[in-house]
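*Asks:* The structure is given below, and queries will be raised subsequently.
Just so you know, all these numbers are worked out from the coordinates, no wet-lab data involved. Computed from a predicted structure; not experimentally measured. Every residue, glycine among them, receives a Cβ derived from its backbone with ideal geometry; neighbour counts consider all protein chains shown.
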């Protein structure tokens, strides 16, 4: 089987869902300064042919928030009334070096069927109206239009079209997102993870009428359902080629105790 | 085909080749301080039920060198007489923000057949002698013992056994590595990437008798052959279960201009 | 004498010339992200009364550019045609860890007579027009108005009034500054350092008509004259109380090889 | 008076009490990685004579703990049973961005009489035995030997001799320190700050027999008495020239909310 799998991987069409990482990319205000890279060791610095032969090396240093750029949230990232997933009190597992449980090192590699619901494509617009909210009806409608069924174990991606604005922070931060009914729709289908081409999956201005919570998915999917949230995906290419059904690969790094991880998810078709 | 691929991915046995990331993990002295994570926003800080409902979030900040932990080297990382891959002069593409060409954002996701040559296993030892060197003959012998053939397009992993010492920096830094003849052996087979369970693939004390270069693979595979090098892999599990032939998935992040990227490679069998 | 000096120090009126340091303070775009502080170790984390008694500690981590906030430039910070002060070629003393000569660790503590030329005060405005330029005639006129003489060995401070806008980055970055003739005026008087309540001492939009250089003082005072430049001073209080003549204390930190240092200068009257 | 003060400052003999800051300097294990500086923008990068004239600039980035190198502790740094100075509950003023009260921005510039008690010099040894403890009797004896009286409002510096080992982290971390009785002796005299040439002022292995607390001064001087602690001073020169009585200048930076600040204290004689 490894041979068959390797052959399929090699011959698959690979769609890269990661946005490029650079200083100045959009960042949620909470997570500023977000991302910084400095190249400080250069080749000429280490080139000493008489001592080391012709070889030289260059390298740099990264400073970044784990929620900068395309990333996945760990279960410890969000709490509901200070309880994390499994009703674990947040206080009990917080340390200066990170969470002693539910950190991103416990998120398994996501290897699953992926489904794209291209809501912007369905509506025939380059992107949905700023700060607008995607409902369960929208997801139903889009799935029917595309002939797609979302099933248990799937990874669900929703396209708003704002991924095309990755170089324009102000416009990007006003992206559309998924509303409460849309999030419930996803959870009911038993997906293992959801993701969108915006900063937070959630519709930015919406509040749960029951609890007043902002970012409903964050307080529901992570602490209550154990469903991961992926943010800042680039869904432009999969949208353009109408790749709605694919093998999804998303592999977070094991930053011990951290609340999320940058990663580079792929859609293979 | 996506369905078949997704099914195979879901049912595969997944071996995680990434070492855990934590403050104090082994780091090449050149790349100190290496890795640091601080959790600074805690749930209670953001919990304001009257304003935001029951939701709260936690997050931290990472400072790290791109060559810390399990990672892959970009082509710009190493030069031969100040020429990078394709004979590009290093000086011409170095900037404070990274390399304008050959940066890690240009490394494609590695989706390939993977082969493990477990040299320590072949020799029947938990790990090879400290600082010892693996030759072409060793790789030949190990491949014959395992009944493995390394082919063009493969990813070649070599196990020294030092991955088991990830929690002991001093011992880990004295790992065995691959000597010049072993590196040439790999390059002749046309692999796309090599990796080992040590800090640098190369045998640490060896010098190329022709040029005096330390770390022969670094001055040969990257600038001359365009073959990627992966370091600090955890090959203990694949060695133990004798998983020598597998589908390899290794997906670096697109840190624009950076000389490498931490990643979490997988062996699927 | 130490007793007399200590007595004078204790009884002096102390004017603090440092702007507060906080995330979001104004930063020259070149030096973004500028300043970040995260408190990550909190008292409860380390409070283990049964093991350590009643004591606990808290601490954080700083990431910052050496040119963030109130600071002084080292001689290595600026070059003229790639020559540093003393005609040292920049390339010869640059390393990944900083400059091997002319770094900020060689800047002595500045203990001198200080003179404030409050140009905004002289003109009777809260602040000079945005991006306007202070000339030699302005400095002459202001000095005559205040009855001040600038002498060799003095530290010269020039007030534009923009220090009051430290909480408004956009407005602050449009501050007035000192033009070429004003810089030459200062240098002719043999001052050891100059400083202003703006991002760069220099008038931001001016170019030297002879060479086309932006930031004339940076290419003249540091590489040619060895006169230090101090930036982002808070001169509001000394302006308000008309403290024009004072003992100046400015003590940079010895960051080995760095191109500048944040510091907290004082005016004692 | 400013003129007299400026004259005295200019003519004083200046002893620099700051240790140099460099990657690899000693750091308390709690505060690792401690200190990192990377020069990443170099002169050639910004030298564009046709666009900017002959000027170019270089700069870097610092990552550091506020307790790295020569520094002063803010009152919020230490608590006694989770109460800070003034019985303020630590929890109430901790935020991700630092303390809302008692942060280092509230520490005034220290301008005072300084007294050095050179305990190592008094005992005629280059340094006191490793991890040994300096008692009230020692301070009394040393003060009598030197003919010094410590008075209210003074800054008290105690020399162990370990400042000479700043380049040897292992040896430095085993420095002698001041025991409980010595700390009480200092507090009784009403000093405003104490400092020593070691990592923590306190004797490293001593515990308060009453409470079991490690680092007695940290739980007593800061939370109970409001007396600042200064660490990693370089007292070698003042010891060598027997400068026991001087004007002390120590000016922390105003990092808003931080628990301490690196600084460069001076002794003027």
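*Asks:* Taking the axis about which chain B rotates onto chain D, which residue of B lies nearest it as judged by Cβ position, and how many whole Å separate them?
*Replies:* Reported as residue, whole Å: B:33, 2.
*Asks:* Also, quick follow-up: Relative contact order, percent, of segment C:37-168 when contacts are C-alpha pairs under 8 Å separated by at least 6 residues?
*Replies:* Values: 129 pairs, mean separation 23.6, N = 132.
The normalised contact order for segment C:37-168 reaches 18 percent.
*Asks:* Then there's this: Once the cut-off is 13 Å, how many percent of the Cα-Cα pairs in segment C:218-265 end up in the long-distance tail?
*Replies:* 70
*Asks:* Okay, next question. For chain D, what is the calculated [θ] at 222 nm in deg cm²/dmol (nearest 500), taking -39500 (n - 2.57) for each run of four or more DSSP H residues and dividing by its residue count?
*Replies:* Details: 10 runs with 62 residues, N = 269.
Roughly -5500 deg cm²/dmol at 222 nm, from the helical runs in chain D.
*Asks:* Percent of Cα-Cα pairs per 5 Å bin, from 0 to the last occupied bin, for segment B:31-99, please list those.
*Replies:* Going from the shortest bin to the longest, the percentages are 3, 13, 13, 13, 12, 10, 8, 8, 8, 5, 4, 3, 0.
*Asks:* Separate question: Taking the alpha-carbon centroid of each part, what is the distance from segment C:201-269 to segment C:118-181 in angstrom?
*Replies:* Cα centres, segment C:201-269 to segment C:118-181: 12 Å.
*Asks:* Using a ≥ b ≥ c from the Cα gyration tensor of segment C:91-153 (square roots of the eigenvalues), is it rounded, prolate or oblate, where a/c under 1.5 gives rounded and otherwise the larger of a/b and b/c decides, a/b for prolate?
*Replies:* Prolate, because a/c is 1.5 or more and a/b exceeds b/c.
*Asks:* Multiply the residue gap between residue C:23 and residue C:83 by 0.36 nm, knock off their C-alpha separation, and tell me the result in nm, one decimal place.
*Replies:* Numbers: separation 60, 0.36 × 60 = 21.60 nm, distance 3.44 nm.
Going from the current span to full extension adds 18.2 nm.
*Asks:* Between copies, how far apart are the residue C:32 label points? List them in nm, one decimal, shortest first, with each point 7 Å from Cα toward Cβ, please?
*Replies:* Shortest to longest, the spacings are 0.9, 3.4, 3.5 nm.
*Asks:* Relative contact order for chain A: what is it in percent, counting Cα pairs under 8 Å that are at least 6 residues apart?
*Replies:* Relative contact order, chain A: 29 percent.
*Asks:* Averaged across C:201-208, how many Cβ atoms of other chains sit within 10 Å of each residue's Cβ atom?
*Replies:* Across the residues of C:201-208, the mean count of other-chain Cβ atoms within 10 Å is 1.
*Asks:* A further question follows. Place the label 7 angstrom along Cα→C-beta at residue D:106 and in each other copy, then list the distances from the first to the rest in nm, shortest first.
*Replies:* 3.8, 4.2, 5.5
*Asks:* Considering just Cα atoms, how many Å³ per residue does the convex hull of the protein assembly as shown enclose? Can you show the working numbers first?
*Replies:* Details: hull volume 187.3 nm³, N = 1076.
Taking the convex hull of the Cα positions in the protein assembly as shown, it is 174 Å³ per residue.
*Asks:* List the distances, in nm and shortest first, from the label point of residue B:141 to the matching label points in every other copy, placing each point 7 Å from Cα along the Cα-to-Cβ direction.
*Replies:* The projected label point of residue B:141 is separated from its counterparts by 6.7, 7.0, 8.9 nm.
*Asks:* Is segment D:155-269 best put as rounded, prolate or oblate by its Cα gyration tensor, with a ≥ b ≥ c the root eigenvalues, rounded for a/c under 1.5, and otherwise prolate when a/b is larger than b/c, oblate when not? Working shown, then result.
*Replies:* Working: a/c = 1.39, a/b = 1.18, b/c = 1.17.
Taking the square roots of the gyration eigenvalues as a ≥ b ≥ c, segment D:155-269 is rounded.
*Asks:* If you don't mind, there's one more thing I want to ask. So what's segment B:41-162 giving for Cα Rg divided by 2.2 N^0.38 Å, two decimals?
*Replies:* 1.68
*Asks:* For residue C:205 paired with residue A:205, estimate the spin-label separation in nm (one decimal), with each label point 7 Å from Cα along the Cα-to-Cβ line.
*Replies:* Computed distance between label sites residue C:205 and residue A:205 equals 3.7 nm.
*Asks:* Give me a single rounded figure for A:89-98: the average over its residues of other chain Cβ atoms within 10 Å of their Cβ.
*Replies:* 6
*Asks:* Just check segment B:1-56 against the gyration tensor rule for me: Cα atoms, a ≥ b ≥ c as the square roots of the eigenvalues, rounded for a/c under 1.5, and otherwise prolate or oblate depending on whether a/b exceeds b/c.
*Replies:* Here segment B:1-56 falls in the oblate category.
*Asks:* Further question: Can you order the peptides B:166-175, B:108-117 by their average number of other Cβ atoms within 10 Å per residue, highest first?
*Replies:* Top of the packing list down: B:108-117, B:166-175.
*Asks:* In what sequence, highest mean first, do A:47-60, C:124-137 appear when ranked by Cβ atoms within 10 angstrom?
*Replies:* In descending order of packing, they fall as A:47-60, C:124-137.
*Asks:* What is the projected area of the convex hull of the Cα atoms of chain D, averaged over all directions, in nm²?
*Replies:* With the hull built on Cα positions only, its mean projection is 17.6 nm².
*Asks:* Quick check: the angle from helix C:136-146's long axis to the longest principal axis of chain C, C-alpha only, nearest 10 degrees?
*Replies:* Value to nearest ten degrees: 80.
*Asks:* Could you work out the relative contact order of segment D:226-269? I mean the mean sequence separation of Cα pairs under 8 Å and 6+ apart, divided by the number of residues, in percent.
*Replies:* Averaging sequence separation for qualifying contacts and normalising by length gives 36 percent for segment D:226-269.
*Asks:* What whole-number volume per residue, in cubic angstrom, does the convex hull of the C-alpha atoms of segment D:77-234 give?
*Replies:* So the per-residue hull volume is 123 Å³.
*Asks:* Same structure again: Using DSSP, restrict attention to beta bridges with both residues in the protein assembly as shown and report what percent are antiparallel, rounded to the nearest 5.
*Replies:* Values: 142 of 206 bridges.
Counting DSSP beta bridges with both partners in the protein assembly as shown, the antiparallel share is about 70 percent.
*Asks:* Also: With chain D treated as a Gaussian network of Cα nodes joined by springs under 10 Å, which of D:230, D:65, D:148 yields the largest mean-square fluctuation?
*Replies:* D:148
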